[in-house]
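Peer 1: Quick one: structure below, then a few questions.
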Amino acid sequence: MAYFPLFVDLDGRNGLIVGGGAVALRKAQKLLPYGPRLTVVAPELNPEFQELQGVELLRRPFEETDLNGCEFAMAATDDRALNHWIAELCSQRHIPVNVADSREDSTFLFPALLRRGELSVGVSASGAAPAAAACIRDRFAQVLPDRLEEILAFLDQVREPVRQTVPDGDARRRLLTALVADCMEAGRPLTEEEFRRKLADAERGELV
């Protein structure tokens, strides 16, 4: 059964990472831009953890009380028995957990992640082929325009003018789709003149 991709707001959420190696470090680095409050616990920590801002580092073995107040957890140690125990504790407490190298113990998967500004793309093969997911993510990244963040900002700015000018829902969706296509083809946001021309076409019903 494939996993459903669910995007969640992690800003201010309490997250626990158990493990101090390279895998745990990568997960922390990917999570931090989304604003969670992370705690990392492990007897030994990769020195690069010291470079991460806003992460609480606990240099000791995992304790069950570390899950108190936790809203999501990641078990990323090289001890499979420990990872499994953490997963069982999380299940008992209804805490979403990701377990490195064990989709059976995981209640959510960590995708191959691509972020460009407000765009987040997560690619998953339901844990069956992480390398394939990473390859697909990288190929997708290659086709994105360099000015994607500007394009997304432009599309956000024009939503309200489009809503006010084009009240019909179907026509509005066609216009927004056309604006996205034109921006992606040009590799940049539309100019004010180009946008107004597209808006006028929509008002006249000339968009297919």
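Peer 1: Any chance you could give the angle, 0 to 90 degrees and rounded to 10, that helix 130-143 forms with the longest Cα principal axis of the chain?
Peer 2: With rounding to tens, the tilt is 30 degrees.
Peer 1: Give the Rg (one decimal place) followed by the Dmax (whole number) of segment 1-122, computed from C-alpha coordinates and expressed in Å.
Peer 2: Cα radius of gyration and Dmax of segment 1-122 are 13.6, 39 Å respectively.
Peer 1: State the answer as a single residue: which of Gln142, Gln92, Leu31 lies farthest towards the positive end of the charge dipole of segment 28-174, with beta carbon charges of +1 for Lys and Arg and -1 for Asp and Glu, about the Cα centre.
Peer 2: My answer, from the dipole projection, is Gln142.
Peer 1: What is the Å³ per residue value for the convex hull set by the Cα atoms of segment 124-208? List each step's numbers first, then the result.
Peer 2: On the way: hull volume 10.4 nm³, N = 85.
Cα convex hull per residue, to the nearest whole number: 122 Å³.
Peer 1: Could you state the number of Å between the C-alpha centres of segment 49-63 and segment 67-123?
Peer 2: A separation of 17 Å, based on Cα centres.
Peer 1: I've got another one for you. In Å², what does the accessible area per residue of the chain work out to with a 1.4 Å probe?
Peer 2: Working: 12720 Å² over 208 residues.
On a per-residue basis, 61 Å².
Peer 1: Suppose every Lys and Arg Cβ carries +1 and every Asp and Glu Cβ carries -1, with no other charges. What dipole size does segment 1-64 come out with about its Cα centre, to the nearest 20 debye?
Peer 2: Values: 7 positive and 8 negative charges, 23 e Å.
Result for segment 1-64 is approximately 120 debye, rounded to the nearest 20.
Peer 1: Related question: Please give the charge dipole size of the chain, origin at the Cα centre, charges +1 on K and R Cβ atoms and -1 on D and E Cβ atoms. Round to the nearest 20 debye.
Peer 2: Values: 25 positive and 33 negative charges, 56 e Å.
Here the size comes out at about 260 debye.
Peer 1: For segment 163-208, just list the percent of Cα-Cα distances falling in each 5 Å bin from zero outward, please.
Peer 2: The distribution over segment 163-208 is 5, 24, 33, 25, 11, 2, given as percents.
Peer 1: Related question: Express the carbon and sulfur contribution to the solvent-accessible surface of the chain as a percent, rounded to the nearest whole number, probe 1.4 angstrom.
Peer 2: On the way: 6440 of 12720 Å².
Carbon and sulfur: 51 percent of the exposed surface of the chain.
Peer 1: Next question, about the same structure. Evaluate the Kirkwood expression for the hydrodynamic radius of segment 84-128, namely the inverse of the mean inverse distance over all pairs of different C-alpha atoms, and round to one decimal in Å. Walk me through the numbers on the way to the answer.
Peer 2: Working: mean 1/r = 0.0855 Å⁻¹.
Radius from the Kirkwood sum: 11.7 Å.
Peer 1: Then there's this: What's the whole-number percent of alpha carbon pairs in segment 104-152 lying beyond 13 angstrom?
Peer 2: On the way: 691 of 1176 pairs.
For segment 104-152, the share of Cα pairs beyond 13 Å comes to 59 percent.
Peer 1: A further question follows. Let me have the 222 nm mean residue ellipticity of the chain computed from DSSP H runs of 4+ only, each contributing -39500 (n - 2.57), with the sum over all residues rounded to the nearest 500.
Peer 2: Numbers: 6 runs with 86 residues, N = 208.
When only DSSP H runs of four or more count, the value is -13500 deg cm²/dmol.
Peer 1: Then there is this: Considering the options Ala81, Leu67, Pro5, tell which one lies farthest towards the positive end of the dipole of the chain, charges being +1 on Lys and Arg and -1 on Asp and Glu at the Cβ, about the Cα centre.
Peer 2: Farthest along the dipole direction, towards plus: Pro5.
Peer 1: A further question on this structure: Taking θ as phi - 60°, what are the ³J(HN,Hα) couplings along segment 86-97 by the Karplus curve (6.51, -1.76, 1.60), each to the nearest whole Hz, with x for Gly and Pro?
Peer 2: Couplings: 4, 4, 5, 4, 5, 4, 5, 9, 6, 9, x, 9 Hz.
Peer 1: What list of whole percents do you get for P(r) of segment 59-208, with Cα-Cα distances grouped in 10 Å bins up to the one holding the largest distance?
Peer 2: For segment 59-208, the binned pair fractions read 10, 26, 20, 18, 16, 8, 1 percent.
The values are calculated or read from the model by the stated rules, or taken from the named source; none is laboratory data. Bear in mind the structure is a predicted one, so any value in this text is a computation, not a measurement. All Cβ positions, glycine included, derive from the backbone under ideal geometry; neighbour counts span all protein chains shown. Ligands, DNA and RNA are stripped out before the accessible areas are found, and what is left, the full protein with its side chains, is counted by its heavy atoms. Shrake-Rupley method; radii C 1.70, N 1.55, O 1.52, S 1.80 Å.
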